[in-house]
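Structure record follows, encoded as structure tokens.
Bear in mind these aren't lab numbers, they're just calculated from the coordinates by the rules spelled out. Being a predicted model, the structure only gives us computed values, none of them experimental. Glycine gets a Cβ as well: all are built from the backbone with ideal geometry, and neighbour counts include every protein chain shown.
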Amino acid sequence: MGRSVLQRRLILAIRVWSVGMLVGAGCVQRVSSSDSFRKSGVESDEGKLTENQGQMADSDVVVGEAARSRGPLGGRPVSVDEVTELVNQGNGARNAGRRGEAEACYRAALVKDPLNKMANYSLGEFLVSEGRRDEALVAYRELLTPRPDRRSSLEECSYVLCLYGDLCLEFGEPIEARRVFRKALDVGPVTHSEIHPRVSRDAQTATEVRARAYVCAAIEAANQGHEVSIRWLRKAIALSPNLAVARFYLAYHLNWTQRFTEMRQELAIARSLAPNDQRLQAGADWLARTSPPYR
């Protein structure tokens, strides 16, 4: 019996997500001496990853060709700059409305580095924005579900975990979502630096855990751009308007994006919500001193 369109998409999501799930699961390992992949000690043909999957988008063809070629994986270590450049190209294409090109860039980045946090997050967010949430959910579940035989760096990336948690909620899986948000809060960074306020991990309710996990995601995602962090912080504040640390970090990123009026408003709210938090007050003093005069 032939597979439905949805079944084919879900299978493709698992198999084509940069073959990262296979590497992360330990089913496939990179063999540096021969510049090839080996599966459970038996050689495998990378091209088979995309065979017999019905019609594929142009971006999937690009990924299949990249996986079959020796260029991305062969001959030398992959540079972080190469992966970052591909993600940046994908972001530029996405901003320009070239969606197929954007997806191809993200997937090509993942062929080079299957567990790269930025590339996995960018592709997942792209799929969500395209309405392909089912693909993102399946792929993230494969990457992020704890297993005794593997340990993935993505399982300790708060912003990837938070995106997966949001998908779990959307698909009616609150128990898994609570586990994921708790994990994001437990493993995520709690401060930008020693002069900035800290996110407390001592959260009791599911809403508190989720809001604080979003703040951790914003802190960890800062290297992806201020707008990414701002989106996570606005989500945190929508859940918990009185979370002072979220207000502070929102002001911090607004300052960097030169939205000074809103920055000062958020900073004033943060100060009023936590008058006895010395780190927050000191951080607010520092931020006020370093921002241009209010006009």
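Data overview
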item: Reduced Cα scattering model of the stretch 129-171, Debye log10 I(q)/I(0), q = 0.14, 0.17, 0.33, 0.34 Å⁻¹; result: -0.31, -0.45, -1.24, -1.27
item: Order by protection proxy (mean Cβ within 10 Å, highest first), peptides 218-230, 99-111; result: 99-111, 218-230
item: Quotient of Cα Rg and 2.2 N^0.38 Å for the stretch 189-295, N being how many residues it contains; result: 0.97
item: Length released on extending from E262 to S193, taking residue separation times 0.36 nm less the Cα-Cα span; result: 22.6 nm
item: Cβ-defined net charge surrounding T205, 13 Å radius [Lys, Arg +1; Asp, Glu -1]; result: +2
item: As computed over the stretch 157-209, the Cα convex hull volume per residue (Å³); result: 73
